[in-house]
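Peer 1: Let me begin by handing over the structure; questions about it come next.
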Amino acid sequence: MAKFRGAIVVDTEHCKGCGVCVPACPSQVIGLAEEVNSKGYHYSFMANPEACTGCANCSIVCPDGVITVYKVKLEV
Amino acid sequence: MDIKEIIKPENLVYKKTGLMTDNPLSYCPGCGHGTAHRLLMEVVDELGIVEDTIGVAPVGCSVLAYDFMNVDMQGAAHGRAPAVATGIKRCWPDKYVFTYQGDGDLAAIGTAETIHACNRGENITIIFINNGIYGMTGGQMAPTTLPGMRTTTSPYGREVEMMGNPLKITELIAQLPGVHYVTRHAVHTPRAVRKTKKAIFKAFEVQKEKKGLSFIEIVSNCNSGWKMEPVASNIWMEDNMFPFYELGDIKIDGQLVTK
Ligand SMILES: Cc1ncc(C[n+]2csc(CCOP(=O)(O)OP(=O)(O)O)c2C)c(N)n1
Ligand code: SF4
Ligand code: SF4
Ligand code: SF4
Ligand SMILES: [Mg+2]
């Protein structure tokens, strides 16, 4: 079976730290940062980047549409 | 593998559609309105109908929907979006016309406009965001508020004996012959989002084929009005809203779905 590696890019300035993306990730990749953005929100980030498969689940549930997803197929 | 090797334009699998403007959404963190807007715009984008789509924004938290959706839009007085959409569609029968309305807008002040547009079988699409509350004005009880649910105007919970039963307006309008497609969805999980998007595609298809009115209810959270954190509000919604507002198709191809 082909394996995928993915990565997300969060627009941290527009993330509202709502946390809705966290349980949507099947691979427990996402955490909320200790730091805050200029609005005071604990923005999301890849706490566990190696586990990201690029499935895009997080990005499709993000109410603010601030997650962009990339994915590559690994040669096996 | 280095992250930098993954984050390259050729590896892009998802980004926000260009039909959502770059204006930061005015919604509370975690509110489903944003997700619903984006899905609607993704469908318009993927169908390639941006030049032929006209939306009508409501009064409610999504009153500024025209600042966020990059299609032609018109505002309407509270609850009157289906009447305004009727006028637009009758002038331009080949345009795709949708309304986007909350439960206070659609099922309280706009009940008459909703029922009659549906009964006339106007060839439009209604997107109905049911969060069981008046979000914008500070969380007052709506006709859709669940029995026992606390709001600022039912602080001890909705008492059915005094305040009446919640209104399943979606089931009501499904009875009307002019209504072709009625379905109820949610936007809080990846699975729910995918289903809702399919339903919106179908609704626009119905409109293209001029088969009658299509009506999509999206049961959504109002974490601020419900006084919960966003993720907790989504769990509360699954446990409390979904048993009453059951998800799934209610009417397909003009036929009521028998469960
Ligand atoms: C004619 C009129 N009556 C009352 C109001 C006040 N008002 C503004 S929004 C709203 C309720 C909106 O609730 P809903 O449609 O459920 O939208 P939500 O904010 O929950 O998404 C009310 C009563 C108004 N703006 N205009
Ligand atoms: S769902 Fe979106 S806005 Fe909410 S924390 Fe995740 S990235 Fe931020
Ligand atoms: S793309 Fe999939 S695996 Fe990667 S962070 Fe998002 S939900 Fe998790
Ligand atoms: S008040 Fe409720 S419906 Fe309005 S933006 Fe906030 S969470 Fe959403
Ligand atoms: Mg509401």
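Peer 1: Can you tell me which residue among B:Thr99, B:Thr111 is open to solvent by less than 10 Å² (accessible area, probe 1.4 Å) and of a type in the set (Ser, Thr, Tyr)? Outline the logic, then answer.
Peer 2: On the way: B:Thr111 fails: open to solvent by less than 10 Å² (accessible area, probe 1.4 Å).
The unique qualifying residue is B:Thr99.
Peer 1: Could you look through region A:6-28, keep only residues that are within 12 Å of another protein chain (Cβ to nearest Cβ) and in contact with a Cys (Cβ under 7 Å, 6 or more places away or on another chain), and pick out the one that is surrounded by the fewest Cβ atoms within 10 Å (Cβ to Cβ)?
Peer 2: A:Pro26
Peer 1: With the structure loaded, tell me whether A:Ile60 is facing chain B (nearest Cβ under 7 Å) and at negative phi or whether it fails that test. Before you say what the answer is, go through the steps one by one.
Peer 2: Working: facing chain B (nearest Cβ under 7 Å): yes; at negative phi: yes.
Against the criterion (facing chain B (nearest Cβ under 7 Å) and at negative phi), A:Ile60 qualifies.
Peer 1: Spot the failing condition for A:Tyr41; the list is (1) away from ligand 2 (no atom under 12 Å from the Cβ); (2) under 21 Å from B:Lys16 (Cα atoms); (3) among the aromatic types (Phe, Trp, Tyr), and only one is missed.
Peer 2: Status for A:Tyr41: all satisfied but (1).
Peer 1: Next up: Can you tell which of A:Ala2, A:Ala33 is more than 11 Å from ligand 2 (Cβ to nearest atom) and open to solvent by less than 60 Å² (accessible area, probe 1.4 Å)? I'd like the intermediate steps shown before the answer.
Peer 2: Working: A:Ala33 fails: more than 11 Å from ligand 2 (Cβ to nearest atom).
When all the criteria are applied, what remains is A:Ala2.
Peer 1: Being surrounded by 24 or more Cβ atoms within 10 Å (Cβ to Cβ) and within 16 Å of ligand 5 (Cβ to nearest atom) is true for just one of B:Ala57, B:Ala36. Which residue is that? Give the steps one after another, and end with the answer.
Peer 2: Numbers: B:Ala57 fails: surrounded by 24 or more Cβ atoms within 10 Å (Cβ to Cβ).
Result of the check over B:Ala57, B:Ala36: B:Ala36.
Peer 1: What's the total number of residues in region A:64-76 that are assigned to a loop (DSSP other than H, G, I, E, B), among the hydrophobic types (A, V, I, L, M, F, W, C) and either near ligand 3 (Cβ under 9 Å from one of its atoms) or open to solvent by 40 Å² or more (accessible area, probe 1.4 Å) (or both)?
Peer 2: Residues in region A:64-76 being assigned to a loop (DSSP other than H, G, I, E, B), among the hydrophobic types (A, V, I, L, M, F, W, C) and either near ligand 3 (Cβ under 9 Å from one of its atoms) or open to solvent by 40 Å² or more (accessible area, probe 1.4 Å) (or both): 1 in total.
Peer 1: Looking for whichever is touching a residue at least 60 places away in the same chain (Cβ under 8 Å), surrounded by fewer than 22 Cβ atoms within 10 Å (Cβ to Cβ) and among the β-branched types (Val, Ile, Thr) here; the options are B:Val187, B:Val231, B:Val257, B:Val219. Which one fits? Give the steps one after another, and end with the answer.
Peer 2: Working: B:Val187 fails: surrounded by fewer than 22 Cβ atoms within 10 Å (Cβ to Cβ); B:Val257 fails: touching a residue at least 60 places away in the same chain (Cβ under 8 Å); B:Val219 fails: surrounded by fewer than 22 Cβ atoms within 10 Å (Cβ to Cβ).
Just one listed residue meets the conditions, B:Val231.
Peer 1: Could you check B:Ala186 against (1) farther than 30 Å from A:Pro26 by Cα; (2) within 14 Å of chain A (Cβ to nearest Cβ) and say which number it fails?
Peer 2: (1)
Peer 1: Now for a different question. Evaluate region A:40-59: report whether one residue or more is within 20 Å of B:His188 (Cα to Cα), open to solvent by less than 10 Å² (accessible area, probe 1.4 Å) and of a type in the set (A, V, I, L, M).
Peer 2: Within region A:40-59 (the criterion being within 20 Å of B:His188 (Cα to Cα), open to solvent by less than 10 Å² (accessible area, probe 1.4 Å) and of a type in the set (A, V, I, L, M)), the answer is no, since none of the residues qualifies.
Peer 1: Among the candidates B:Tyr100, B:Tyr14, B:Tyr66, B:Tyr96, which residue alone is of a type in the set (Ser, Thr, Tyr) and out of contact with any helix residue (DSSP H, G or I) (no Cβ under 7 Å at 6 or more places or on another chain)?
Peer 2: B:Tyr66
Peer 1: Then there's this: Condition first: closer than 16 Å to B:Ala203 by Cα and either among the hydrophobic types (A, V, I, L, M, F, W, C) or within 16 Å of ligand 1 (Cβ to nearest atom) (or both). Now tell me which residues in region B:79-116 satisfy that.
Peer 2: Those that are closer than 16 Å to B:Ala203 by Cα and either among the hydrophobic types (A, V, I, L, M, F, W, C) or within 16 Å of ligand 1 (Cβ to nearest atom) (or both): B:Pro82, B:Ala85, B:Val97, B:Phe98, B:Thr99, B:Tyr100, B:Gln101.
Peer 1: Show me the strands (runs of 3 or more DSSP E) entirely contained within region B:1-119 in which 3 or more residues are closer than 16 Å to B:Phe215 by Cα. If you could, list the steps in order and put the result at the bottom.
Peer 2: On the way: elements: B:12-14, B:53-57, B:72-75, B:96-102.
Here the list reads B:53-57, B:96-102.
Peer 1: Ok, one more. Might you check whether a residue that is in contact with a strand residue (DSSP E or B) (Cβ under 6 Å, 6 or more places away or on another chain) and not aromatic (Phe, Trp, Tyr) occurs anywhere in region B:39-47?
Peer 2: For region B:39-47, residues in contact with a strand residue (DSSP E or B) (Cβ under 6 Å, 6 or more places away or on another chain) and not aromatic (Phe, Trp, Tyr): present.
Peer 1: Related question: Go through region B:17-32 residue by residue and tally those that are facing chain A (nearest Cβ under 7 Å), open to solvent by 60 Å² or more (accessible area, probe 1.4 Å) and touching a residue at least 12 places away in the same chain (Cβ under 8 Å).
Peer 2: 0
The values are calculated or read from the model by the stated rules, or taken from the named source; none is laboratory data. All figures in this text were calculated on a predicted structure; none of them were measured in a lab. Note: ideal-geometry Cβ built from the backbone for every residue, glycine included; neighbour counts use all protein chains shown. Calculation scope for accessible area: heavy atoms of the full protein, side chains included, ligands and nucleic acids excluded. Shrake-Rupley method; radii C 1.70, N 1.55, O 1.52, S 1.80 Å.
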